[in-house]
Amino acid sequence: MNEKAPISRQQQKSQETRERIFQAAKRILQKQGYEQLSIKNICEEAGVSNGSFYHHFKTKDDLLSYYIEDQPKIEPDLLELPGSVEGVKEGIIQVYMNYVKYCRELGVEFVAEYYDTKNQALNASSRMERPYPIVTVQTYVEKAIEAGVVNLNVSISEFTTDIRMIVIGNVFEWCVKHGDADFEGNMSRSLGKYLDATLMSGMAEI
C-alpha cells in the first residue's frame, strides 16, 4: 500500500495561511456580504499581507472558487466505467450529491454570497478553468460513450451546459429559501429527469 509522504513544515504553513485567508473571507461574507469582500478587508481580517494573499490566490473570486469547486473529490473507483445507462446516471448524480454535501458544509450563507451576479468566477465564458464536477461528468460520459455503453441525443457541450444550469438552479433555490428546501431530493430528481431524457443505451452494455 502506498502511503502519502508527510508534508513539510513549509507546506503545512502554506496550508494554514490559505485556510486562514478563506476563513476570513467567509466571516466577511456572512457578516457583511459580497460588497465588503475586498482583498484589503480579507487581509486585515486574516492578519496577512497583500503579498501573502496573492501568493495563494489571483483574485477574491479565485479564492471563493477554490473552496466551492475544489471540493473533496469522489474516489476514482466509484467512477469506473459503468456497465449500463443506469450506472452512468447514478455516477453523475453521485458527483452532485457530493457537491450538495460540500455546499452544506460551507453553509447556506457562504454559498448564497458566492452565487452573486458580480462574481465573475461564475461566468463560464470568462473562466480559464472549468470546475471539478462538470469536468468529471464530461470525462465520465465520454468514457461511457467511447465504450458503447451510452449515447447522447445532444452534443456533449450542450449536455454539460444543461447540467450546469440545473445544478445552479437547485443551489439558488436552496439559498433563496435560506436552506429550507429539499436540496438533495430536488437535485437528484431534476438531474434524474434530465438524464432520462438525454442518455440512451449504447450498443454494448457491459
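Here, each number is a calculation from the coordinates, and none is a lab measurement. What you see is a predicted model; the values in this text were computed from it and never measured. Every residue, glycine as well, gets a Cβ built from its backbone with ideal geometry; the counts of neighbours run over all protein chains shown.
Value of Rg to Rh for segment 27-69, rounded to two decimals, is 0.94; Kirkwood radius and Rg both from alpha-carbon coordinates. Of all lysines in the structure, the ones whose alpha carbon falls short of 28 Å from that of K193, not counting any fewer than 8 places away in one chain, are K73, K89, K101, K143, K177. Principal axis extents of the C-alpha atoms in segment 133-206 (largest first, rounded to whole Å): 44, 19, 17. Could you compute the net charge surrounding R27? Neighbours are other residues with a C-beta less than 13 Å from the C-beta of R27; K and R count +1, D and E count -1. Combined, the nearby Lys, Arg, Asp and Glu give -2. Backbone amide hydrogens, once placed in the peptide plane, bring T59 within less than 5 Å of nothing, excluding anything fewer than 5 places away on its chain.
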